[in-house]
């Protein structure tokens, strides 16, 4: 597909979606904004809890201890939730929670890959 056609066909829906999100955010219609600060924090910590619970379930179902490597990032998750809780009104500090979330994704994904590759060898 020529780049110009790909560019126009793929970017048009993205821009429409982005305009809709910005319009909803400006009107107070964004669901994250409507949740409120306390509920937002609960959802943030619940997502981490469910992720680590699913990893524990994966370990229990496969009975392979290599999946426990993914729990290396658990202290970062605890720190991210604590940072988010203490910096709900302070955006520059709240960015630290987002940075920790990025590190958690990378570290957990890396150890999931290593665990999956090592599981296939044994």
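The values are calculated or read from the model by the stated rules, or taken from the named source; none is laboratory data. Predicted, not measured: the structure shown is a model, and the values here were computed from it. Methodologically, a virtual Cβ is constructed for each residue, glycine included, from the backbone with ideal geometry; neighbour enumeration extends over all protein chains shown.
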Please specify each residue of the range 80-97 satisfying the condition of being in a helix (DSSP H, G or I) and free of Cβ contacts under 8 Å to residues at least 12 places away in the same chain.
82, 86, 91, 92, 93, 94, 95
Count of residues meeting criterion [surrounded by fewer than 18 Cβ atoms within 10 Å (Cβ to Cβ) and under 17 Å from residue 48 (Cα atoms)] in the range 111-122:
1
Can we say residue 66 is in a helix (DSSP H, G or I), touching a helix residue (DSSP H, G or I) at 6+ places or on another chain (Cβ under 8 Å), at pLDDT 90 or above and surrounded by 12 or more Cβ atoms within 10 Å (Cβ to Cβ)?
no
